[in-house]
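Notes follow once the structure below has been shown.
The values are calculated or read from the model by the stated rules, or taken from the named source; none is laboratory data. The structure displayed is predicted, hence computed values, not measured ones. Cβ placement follows ideal geometry from the backbone for every residue including glycine, while neighbour counts extend to all protein chains displayed. Keep in mind that these areas ignore ligands, DNA and RNA; they rest on the heavy atoms of the full protein, side chains included. Shrake-Rupley method; radii C 1.70, N 1.55, O 1.52, S 1.80 Å.
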Amino acid sequence: MYRTNTCGELTEANINQKVILSGWVQTIRDKGFVIWVDLRDRYGITQLVFDDQRTPKEILEQVKKLGREFVIQITGTVIERTSKNPHIPTGNIEILVEKLTVLSTSLVPPFVIENETDGGEELRMKYRYLDIRRNPVKDKLIFRSKVAQLVRNYLSSHDFLEIETPVLIKSTPEGARDFVVPSRMNPGQFYALPQSPQSFKQLLMIGGLDKYFQIVKCFRDEDLRADRQPEFTQIDCEMSFIEQEDILDTFEGLAKHLLKELRNYKIDKFPRITYSEAMRKYGNDKPDIRFGMEFIEFNEELKKSGFKVFDEAELIVGIKVENCADYTRKQLDELTEWVKRPQVGARGLVYIKYNKDQSIKSSIDKFYTEEKLKKVIQKSNAQTGDLLLILSGEAQKVRPQLSALRMELAERLGLRNPDVFAPLWVVDFPLLEWDEEENRYVAMHHPFTSPKPEDIALLETDPGKVRANAYDMVLNGNEIGGGSIRIHDKDLQAKMFSLLGFTQEEAEAQFGFLMNAFKYGAPPHGGIAFGFDRFTAILGGQEVIRDYIAFPKNNAGRDVMIDAPYPISKKQLDELGINIIKE
Ligand code: ASP
């Protein structure tokens, strides 16, 4: 038997018991007459004690040869500690060791394996298995496992079936680039890895399994923007004989359950906002509503006053930053520079300070009377001490710019508290969006998304105006889930493909199997998929998804631990009939 107990559970209640523990040597403190060793496993740390008086000589010799991260097994007696450590559950006891076996030796680890480490990111990724021994990493993986269990239990108890779908498939409709896998048995042909199980879950609905879910790996070969992973996990779900309302209800229930169980956070009803309202109020389709700073439009108040920048702008829009009227010139200049960076791209920033003494000071004093500025103050409901920040320009550009500023200020003002949760639904997304490069419409969600029935007529006349039965769940400024009611009518689906610029042959080649299935009785259906990594991270009070993935890839899409991707041998290439052309 390797252990009678874990390293995290012995307390005063166990004093005088004989125990066997196994684990890793975290630290060794040798005071000459007494040596303490911290023994660590997944569950915690237990202090071992060896001393001149009580420990057999040969064991003392053995202890002197131990090194950090050796795996050992000890037998000993639980005794009370003289100097107690109130910070850990085992802090009142230690083990007087009678027998010690080295199960495995260790090289000196490349970084300190403690809560605070001296290892840089790259080094820790290379030795991820050592990093996983550290609490901050280990705890996140344990948390992730808990989230997965809760999701499984919740959905299973609501009659969802957990069904796996294949990984070697054909291109899926999510619109990103596919990862492809050459087929040895079918030379010159390739599988695509699923960007999501979208088509399969719809086929399961046609198969009559009316509630499906899967915690599933998805693959998208995208340039890795900050904190994206080329392979990531979704909680993928689909239901039949439902309407949008049923889906929102079911998955709001799931999210509430997770918030309650994991964070003891109770939320009554998730607010809902339409896509167009979200854009107008927050310049963003995944608004962070943990704080206010909603957009206020000032076209009426600020146009036609001879200030050319505003007179020519399509939209003049600002935010109210509470209690910041005392920002210095330097701070405002810095913010102006911030919005002018290419990443944001604003041309300038206008401020209006409503000072504590009720005076008004702005960067556009020259062009506006105090009375006019007062109107602006009134409209924004500003109190003395508040600051207004205003951008102007083309509506489509200025809204995202102001959104970036809003988020930045919230960050600086500490309004993005990770322990506060503000979920909402964004609904009524446009069905299509215009792709400038391709000069055609593309599906905003994916081509199986159903238009709102009342907007179907617009498909012919004004496709850009058609709204979809599509929805996103947003949590703390992140899109954590998205889905739609699907088209289940084969003619409407065909029309959709043609709107998206597919010829009949192309649609047939790519999605013929699904179109064909629709000919055999497709139930009305719809679904949603959650980004499991991000949802977990946010529930854990963090935003970096990499920390919640056991073996993540770096920003270049590499696994630096196993060193992948990696060239394959000539023999393998030959078998696949692939010839690599060297540049
Ligand atoms: N397949 C979609 C996605 O991955 C989700 C859905 O429509 O259910 O975004």
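Scanning segment 84-104 for residues that are open to solvent by 90 Å² or more (accessible area, probe 1.4 Å) and over 26 Å from Pro136 (Cβ atoms) yields one hit, Lys99. Which residues, taken from segment 444-500, are modelled with pLDDT of 95 or more and among the small types (Gly, Ala, Ser)? Selection gives Ser450, Ala468, Ala470, Gly477, Gly481, Gly482, Gly483, Ser484.
Total residues in segment 436-462 satisfying the condition of being touching a Phe, Trp or Tyr at 6+ places or on another chain (Cβ under 9 Å) and either open to solvent by less than 20 Å² (accessible area, probe 1.4 Å) or touching a residue at least 40 places away in the same chain (Cβ under 8 Å) (or both): the figure is 6. For segment 149-162, name all the residues that are surrounded by 17 or more Cβ atoms within 10 Å (Cβ to Cβ) and either more than 19 Å from the chain's Cα centre (by Cα) or outside any helix (DSSP H, G or I) (or both). Listed by number, the residues that qualify are Tyr154, Leu155, Phe160. Would you confirm, using the coordinates I've provided, whether Arg412 is more than 16 Å from the ligand (Cβ to nearest atom), in contact with a Phe, Trp or Tyr (Cβ under 8 Å, 6 or more places away or on another chain) and modelled with pLDDT of 95 or more? Taking the combined requirement at face value, the residue does not satisfy it. Within segment 204-221, which residues are within 13 Å of the ligand (Cβ to nearest atom) and open to solvent by 20 Å² or more (accessible area, probe 1.4 Å)? Leu204, Lys217, Phe219, Arg220, listed by residue number. Looking across Thr6, Thr55, one residue alone is under 12 Å from Ile95 (Cβ atoms), part of a loop (DSSP other than H, G, I, E, B) and either in contact with a strand residue (DSSP E or B) (Cβ under 7 Å, 6 or more places away or on another chain) or open to solvent by less than 30 Å² (accessible area, probe 1.4 Å) (or both). It is Thr55. Selection of helices (runs of 4 or more DSSP H) fully inside segment 292-385 by the criterion of at least 2 residues being at pLDDT 95 or above and under 17 Å from Ser403 (Cβ atoms) returns 329-340. Pairs are defined by a Cβ separation below 7 Å, a sequence spacing of at least 6 or placement on different chains, a first member in segment 179-197 that is within 16 Å of Leu514 (Cα to Cα), and a second member that is among the β-branched types (Val, Ile, Thr); the pairs so defined are Pro194/Val167; Pro194/Ile169; Pro194/Thr172; Ser196/Thr172; Pro197/Thr165; Pro197/Val216.
Pick from segment 463-495 the residues that are open to solvent by 50 Å² or more (accessible area, probe 1.4 Å) and within 18 Å of Asp428 (Cα to Cα): which of them is farthest from the chain's Cα centre (by Cα)? Residue satisfying both the conditions and the ranking: Lys465.
So, Tyr368, is that one of a type in the set (Phe, Trp, Tyr) and either loosely packed, with under 14 Cβ neighbours inside 10 Å or within 26 Å of Asn417 (Cβ to Cβ) (or both) or not? Judged against the criteria, Tyr368 is not a match.
Residue count for segment 386-409, restricted to those that are open to solvent by less than 40 Å² (accessible area, probe 1.4 Å) and in a loop (DSSP other than H, G, I, E, B): 1.
Return yes or no: is Glu433 closer than 30 Å to Phe497 by Cβ, assigned to a strand (DSSP E or B) and either open to solvent by 80 Å² or more (accessible area, probe 1.4 Å) or at pLDDT below 95 (or both)? Criteria met by Glu433. So is Val137 surrounded by 14 or more Cβ atoms within 10 Å (Cβ to Cβ) and either within 24 Å of the chain's Cα centre (by Cα) or closer than 25 Å to Thr536 by Cα (or both) or not? Yes, satisfied. Considering segment 222-242, and only residues there that are among the aliphatic types (A, V, I, L, M) and either touching a His at 6+ places or on another chain (Cβ under 9 Å) or open to solvent by less than 20 Å² (accessible area, probe 1.4 Å) (or both), the residue that is farthest from Gln149 (Cα to Cα) turns out to be Ile242.
Close contacts from segment 214-240, counting a first residue that is at positive phi and a second that is open to solvent by 50 Å² or more (accessible area, probe 1.4 Å), with Cβ to Cβ under 9 Å and a gap of 6+ residues or different chains, come to Asp227/Arg534; Asp227/Glu543; Asp227/Val544; Asp227/Asn555. Scan segment 158-174 residue by residue and report those that are acidic (Asp, Glu) and within 14 Å of the ligand (Cβ to nearest atom). Once the filter is applied, which keeps residues that are acidic (Asp, Glu) and within 14 Å of the ligand (Cβ to nearest atom), segment 158-174 yields only Glu174. Yes or no: Glu245 at pLDDT 95 or above and surrounded by fewer than 16 Cβ atoms within 10 Å (Cβ to Cβ)? In short, yes.
Go through segment 10-36 and give me each residue that's of a type in the set (Ser, Thr, Tyr) and over 30 Å from Leu107 (Cβ atoms). If the condition is that a residue be of a type in the set (Ser, Thr, Tyr) and over 30 Å from Leu107 (Cβ atoms), then Thr11 is the only one that fits. Every condition in (1) within 13 Å of the ligand (Cβ to nearest atom); (2) surrounded by fewer than 23 Cβ atoms within 10 Å (Cβ to Cβ); (3) not in a helix (DSSP H, G or I); (4) not acidic (Asp, Glu) holds for Pro194 except the one numbered (2). Given the conditions (1) open to solvent by less than 30 Å² (accessible area, probe 1.4 Å); (2) under 26 Å from Ile549 (Cα atoms); (3) out of contact with any strand residue (DSSP E or B) (no Cβ under 6 Å at 6 or more places or on another chain); (4) of a type outside the set (Lys, Arg), report the number of the one that Gly67 does not fulfil. All conditions pass for Gly67, except number (2).
Among the residues making up segment 166-184, those that are open to solvent by less than 60 Å² (accessible area, probe 1.4 Å) and under 23 Å from the mean Cα position of the chain (by Cα) are Thr172, Pro173, Glu174, Ala176, Asp178.
When restricted to residues that are aliphatic (A, V, I, L, M) and either within 17 Å of the chain's Cα centre (by Cα) or surrounded by fewer than 20 Cβ atoms within 10 Å (Cβ to Cβ) (or both), segment 277-288 contains 0. For segment 552-583, the set of residues classified as within 27 Å of Ile235 (Cβ to Cβ), of a type outside the set (Gly, Ala, Ser) and surrounded by 12 or more Cβ atoms within 10 Å (Cβ to Cβ) consists of Pro552, Lys553, Asn554, Asn555, Arg558, Asp559, Met561, listed by residue number. Just one of the listed residues (Lys126, Lys146) is open to solvent by 70 Å² or more (accessible area, probe 1.4 Å), on the phi < 0 side of the Ramachandran plot, touching a residue at least 60 places away in the same chain (Cβ under 8 Å) and over 21 Å from the mean Cα position of the chain (by Cα), and it is Lys126.
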